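K.L.:
Got a structure for you, questions after.
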Amino acid sequence: MDKNPYAAPRAELKDLGAEERKRPLLVWVIVIFQALGIVGGAYTTLAALSGNPVGGREAAEYTKHLTAVDHGLTLAILAISTFAMVELFRLKRRSLPVLIAAFVLGVAIVAFSLAFRPEYRAMFEVAGYWSLMVGWAFNVAIIGYVWRLHSKEVLRP
C-alpha cells in the first residue's frame with residue numbers, strides 16, 4: 001500500500017493565495033467629494049477668521065457673531081472628517097464610527113445654532129434650508145454605504 005488515504009492532497013492550490021482587495025469605485029468618489037468639501041470648509045473658515053467671509057451679506061453678518069469656540073468646533077469637525085476620509089480610503093473599520101461622530105456633532109451644532117442664534121436662522125431664511133437638507137442626505141447616504149462595506153467585511157480592522 002503505497003498511498004496513504006489520510007495524506008494531504010499534493011495538487012497545487014492556486015486559489016488560496018493572498019486575496020488582493022481593490023478599493024471600490026464609490027469609495028474613490030466619496031473620498032474625492034468629501035476632500036473637496038473639507039478643503040472648501042477650511043477655506044471658508046480661514047476666510048471668516050481673516051475678516052473676509054465667503055457667502056454674501058448674510059454670511060458676513062453671521063460671521064460677525066462667531067466666537068473662537070465656533071471656529072474651533074468647525075476646524076475640529078473638519079479634522080475629524082479628514083481622519084474619517086483617510087480611514088475610509090484605507091478601508092479601515094474605524095471610518096464608520098468616526099463618520100457617524102462627525103455627522104452627529106455637525107447636526108448638534110446646527111441644531112443649537114438654529115435654536116439659539118437668530119443670525120444663523122436668518123442666513124438660511126434667505127437662501128432656504130434645502131442646502132442643509134441635501135448635505136445631510138449625502139452624509140446619511142455615505143454613512144449607509146460605509147455601513148454596508150462594514151457589514152460585507154470590506155473594511156479591515
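Read-outs throughout are calculated quantities, based only on the coordinates presented, and are distinct from any laboratory measurement. These figures come from a predicted structure and were not determined experimentally. No Cβ is skipped: glycine too gets one built from the backbone with ideal geometry, and neighbour counts run over all protein chains shown.
K.L.:
When residues of region 74-95 are filtered for being under 24 Å from Gly56 (Cβ atoms) and surrounded by 17 or more Cβ atoms within 10 Å (Cβ to Cβ), how many remain?
P.N.:
3
K.L.:
Among all residue pairs at least 6 apart or on different chains, which show Cβ distances below 7 Å where the first residue, located in region 116-137, is closer than 14 Å to Tyr62 by Cβ and touching a residue at least 60 places away in the same chain (Cβ under 8 Å) and the second is part of a helix (DSSP H, G or I) and of a type outside the set (D, E, K, R)?
P.N.:
Qualifying pairs under 7 Å: Met123/Ala59; Met123/Tyr62.
K.L.:
Does region 39-56 contain any residue that is closer than 28 Å to Leu25 by Cα and surrounded by 15 or more Cβ atoms within 10 Å (Cβ to Cβ)? Reasoning before the result, please.
P.N.:
Just the residues of region 39-56 that are closer than 28 Å to Leu25 by Cα, to begin with: 39-43.
Okay, now just the ones that are also surrounded by 15 or more Cβ atoms within 10 Å (Cβ to Cβ), so 41-42.
Among the residues of region 39-56, at least one is closer than 28 Å to Leu25 by Cα and surrounded by 15 or more Cβ atoms within 10 Å (Cβ to Cβ), which makes the answer yes.
K.L.:
Might you check whether a residue that is of a type in the set (Val, Ile, Thr), outside any helix (DSSP H, G or I) and surrounded by fewer than 17 Cβ atoms within 10 Å (Cβ to Cβ) occurs anywhere in region 96-113?
P.N.:
Going through region 96-113, the residues of a type in the set (Val, Ile, Thr) turn out to be 98, 100, 104, 107, 109-110.
Going one step further and asking which of them are outside any helix (DSSP H, G or I), we end up with none.
So far as region 96-113 goes, no, none of its residues is of a type in the set (Val, Ile, Thr), outside any helix (DSSP H, G or I) and surrounded by fewer than 17 Cβ atoms within 10 Å (Cβ to Cβ).
K.L.:
If Leu91 satisfies every condition in (1) more than 16 Å from the chain's Cα centre (by Cα); (2) within 17 Å of Val31 (Cα to Cα) but one, which is the exception?
P.N.:
Leu91 satisfies every listed condition except (1).
K.L.:
How many residues are under 26 Å from Met85 (Cα atoms) and either of a type outside the set (S, T, N, Q) or not in a helix (DSSP H, G or I) (or both) when one looks only at region 38-52?
P.N.:
Qualifying residue count, region 38-52: 10.
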